[in-house]
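The values are calculated or read from the model by the stated rules, or taken from the named source; none is laboratory data. Predicted, not measured: the structure shown is a model, and the values here were computed from it. Because the Cβ atoms are built from the backbone with ideal geometry, glycine has one as well, and the counts that use them run over all protein chains shown.
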Amino acid sequence: MTLDNPDGSLGRLVVITGLPGSGKTTLATKLASTMKAVRMCPDDWMIASGIDLWDEAARAQIETCQRDLALDLLRRGRNVIIEWGVWTRVERDALRDAGRAIGVSVELRYTSASLDELWRRIEQRDREGTWGSRSIKRHELEAWARIYEPPTEDERCSYDSTG
C-alpha cells in the first residue's frame, strides 16, 4: 500500500501484437478507454518529439523507457497497454515475464489481416497524412510478414484470458 496506490491493487498489462496496418492502434485506443489504461506506443512519442519513425536506435530507447514506465504504473495499480507490435515470441515472453514478476495479470491480443488488407490500410493511412516522414513500402511489408512470428496456440495459453 502506498499513497499512489492506497488499496495496494496491481494493474493489468495488455500486450498487443501485429503487423503494421493490422489494427493495433485502433484496438489499443478502444481498450485504453474501456479499461482506463495508459497506452504505450513508440510511434506517438516519436512523432510528438520530431523523431524519424525509422530511427531504430531511438525506437529501442523509447521502448525501454516505456517498458520501465509501464512496470511502474502497473505497480501503482494502473492498467497499461503495450502497442509495439512485438513481432517475436521472445519479445512477447519478456513482457509477459516482466509483468508476472511484479504480480500483474498479463493478456495477449493479436491483430491480423491479409497482406492485401494490411496494404490497403497503410495506403489509406498515407492518404490521411497521419504517419511519419515516409510511408511503408509494399516490399517492406511483405518482408516483415515473412519474419513476423504470429502467436501460437501454446503461446496464447501462456497468458491470462482476454476480456
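The rows are residues; the columns are (1) within 21 Å of R156 (Cα to Cα); (2) touching a strand residue (DSSP E or B) at 6+ places or on another chain (Cβ under 6 Å); (3) assigned to a strand (DSSP E or B).
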site: G21; (1), (2), (3): no, no, no
site: A28; (1), (2), (3): yes, yes, no
site: D44; (1), (2), (3): no, no, no
site: D52; (1), (2), (3): no, no, no
site: A58; (1), (2), (3): no, no, no
site: C65; (1), (2), (3): no, no, no
site: E83; (1), (2), (3): yes, yes, yes
site: A98; (1), (2), (3): yes, no, no
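Of everything in the stretch 88-118 that is among the hydroxyl-bearing types (S, T, Y) and out of contact with any helix residue (DSSP H, G or I) (no Cβ under 6 Å at 6 or more places or on another chain), the residue that is surrounded by the fewest Cβ atoms within 10 Å (Cβ to Cβ) is S114.
Residues that are under 21 Å from R59 (Cβ atoms) and of a type in the set (V, I, T) were ranked within the stretch 81-122; the one that is farthest from the chain's Cα centre (by Cα) is I122. Which residue pairs have Cβ atoms under 8 Å apart, sit 6 or more places apart or on different chains, and have a first residue in the stretch 49-63 that is on the phi < 0 side of the Ramachandran plot and touching a residue at least 24 places away in the same chain (Cβ under 8 Å) and a second that is among the acidic types (D, E) and surrounded by 11 or more Cβ atoms within 10 Å (Cβ to Cβ)? Sorted first by the residue in the stretch 49-63, then by its partner, the pairs are L53/D43. Scanning the stretch 28-75 for residues that are closer than 23 Å to R138 by Cα and under 12 Å from the mean Cα position of the chain (by Cα) gives C41, P42, D43, D44.
Residues considered: V106, V86, V90. Of these, the only one that is hydrophobic (A, V, I, L, M, F, W, C) and under 15 Å from L10 (Cβ atoms) is V106. R121 meets all of the listed conditions (1) closer than 24 Å to L13 by Cβ; (2) surrounded by 14 or more Cβ atoms within 10 Å (Cβ to Cβ); (3) at pLDDT below 95 but one, namely (1).
Please find, within the stretch 10-30, the residue that is nearest to R120 (Cα to Cα) out of those that are buried (at least 21 other Cβ atoms within 10 Å of the Cβ) and of a type in the set (A, V, I, L, M). Out of the qualifying residues, it is L19.
Here R75 clears all of (1) under 17 Å from L19 (Cβ atoms); (2) touching a residue at least 24 places away in the same chain (Cβ under 8 Å) except the condition numbered (1).
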